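Everything below concerns the one structure shown next.
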Amino acid sequence: TIENARDHGLVYDRLLAFKRGPGVEFVSHILEPALAERWEVSEDARHFTYYLRQGVRFANVTPVNGRELTSADVKWSMEYYSRTGEFSDKKYPVSQMQAQYEGLEGIDTPDKHTVRVRFKEPFAPFMNYSASQWMPIVAKETFKADETLPRLTTLVGTGPYIYDLVESQKDSRFVFTKNPTYWGGPKPYLDKIRRLV
């Protein structure tokens, strides 16, 4: 799973991020905006509201084709990982990310750029989970509803790189090219990453 996290971290974004760079200790866990440009936490730490950046687009790759990221994508991703909402009555295997949503009560999308996540009890760790590599925001179009192994079949995200299906070769190399429509420009600074398996 570490290998997968390394690769999907190039392709997908998260709601928040951990601040990195000069003068910031690696273990500091200072939160900063990512897909969400701002956020609010209720006083009782049960409700978490995220206000998404407007105009963020998925990579211009089939089947998502560069469409705009919306609150529906965040809700779908979280319900997929937590096995709630449309996934609650399926007999899918337990998600590796399910513990991040312990006590989830529901997810609301009052508009296309606002997401409100509600828990039954206070759940303070959720802010840090929102910035972890284990909570990538994905597109529903890449999901395959296989009863035995539900999965995302294609890496297409809003992140700095696009998974290059043409140059990549199974069991040999993974190739990622710079996403020309990445919202966090001018990053990334590298045009291509070739990772040998």
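The values are calculated or read from the model by the stated rules, or taken from the named source; none is laboratory data. Predicted model, so just to flag it, every value in this text is computed and none were measured. Positions of Cβ are backbone-derived with ideal geometry, glycine not excepted, and every protein chain shown enters the neighbour counts. Areas reflect the complete protein model, heavy atoms only, side chains present, ligands, DNA and RNA absent. Shrake-Rupley method; radii C 1.70, N 1.55, O 1.52, S 1.80 Å.
Brief remarks on what is shown
- The single condition from (1) in contact with a helix residue (DSSP H, G or I) (Cβ under 7 Å, 6 or more places away or on another chain); (2) assigned to a helix (DSSP H, G or I); (3) of a type outside the set (Ser, Thr, Tyr) that Ala72 fails is (1).
- Hey, Val117 surrounded by 17 or more Cβ atoms within 10 Å (Cβ to Cβ) and closer than 21 Å to Val156 by Cα or not: no
- Exactly one residue out of Ala45, Ala59 is under 21 Å from Glu121 (Cα atoms), at pLDDT 90 or above and in a loop (DSSP other than H, G, I, E, B), and it is Ala45.
- Candidate set from region 129-165 (those that are at pLDDT 90 or above and out of contact with any helix residue (DSSP H, G or I) (no Cβ under 8 Å at 6 or more places or on another chain)); member that is nearest to Leu104 (Cα to Cα): Ser130
- Enumeration of residues in region 52-82 that are of a type outside the set (S, T, N, Q) and surrounded by fewer than 18 Cβ atoms within 10 Å (Cβ to Cβ): Arg53, Gly55, Arg57, Pro63, Gly66, Arg67, Glu68, Ala72
- Total residues in region 35-59, condition more than 24 Å from Gly103 (Cβ to Cβ) and either touching an Asp or Glu at 6+ places or on another chain (Cβ under 6 Å) or of a type in the set (D, E, K, R) (or both): 4
- Restricting attention to region 62-72 and to residues that are more than 10 Å from Glu141 (Cβ to Cβ) and not hydroxyl-bearing (Ser, Thr, Tyr), the residue that is nearest to the chain's Cα centre (by Cα) turns out to be Leu69.
Conditions tested, residue by residue: (1) loosely packed, with under 15 Cβ neighbours inside 10 Å; (2) in contact (Cβ under 8 Å) with a residue 40 or more places away in the chain; (3) among the β-branched types (Val, Ile, Thr).
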site	(1), (2), (3)
Ala99	yes, no, no
Glu121	yes, yes, no
Ala131	no, yes, no
Thr142	no, yes, yes
Thr158	no, yes, yes
Tyr161	no, yes, no
Glu167	yes, no, no
Asp191	yes, no, no
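- Region 76-119 - residue that is under 21 Å from Ser42 (Cβ atoms) and among the aliphatic types (A, V, I, L, M) and, of those, nearest to the chain's Cα centre (by Cα): Met78
- Test: Arg20 is more than 14 Å from the chain's Cα centre (by Cα), closer than 27 Å to Lys178 by Cβ and either open to solvent by less than 40 Å² (accessible area, probe 1.4 Å) or not hydrophobic (A, V, I, L, M, F, W, C) (or both): yes
One line per residue, one yes/no per condition, for (1) touching a Gly at 6+ places or on another chain (Cβ under 7 Å); (2) touching a residue at least 12 places away in the same chain (Cβ under 8 Å); (3) of a type in the set (Val, Ile, Thr):
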site	(1), (2), (3)
Val27	no, no, yes
Leu31	no, yes, no
Ala36	no, yes, no
Val41	no, yes, yes
Ala45	no, yes, no
Tyr51	no, yes, no
Pro63	no, yes, no
Val74	no, yes, yes
Ser77	no, yes, no
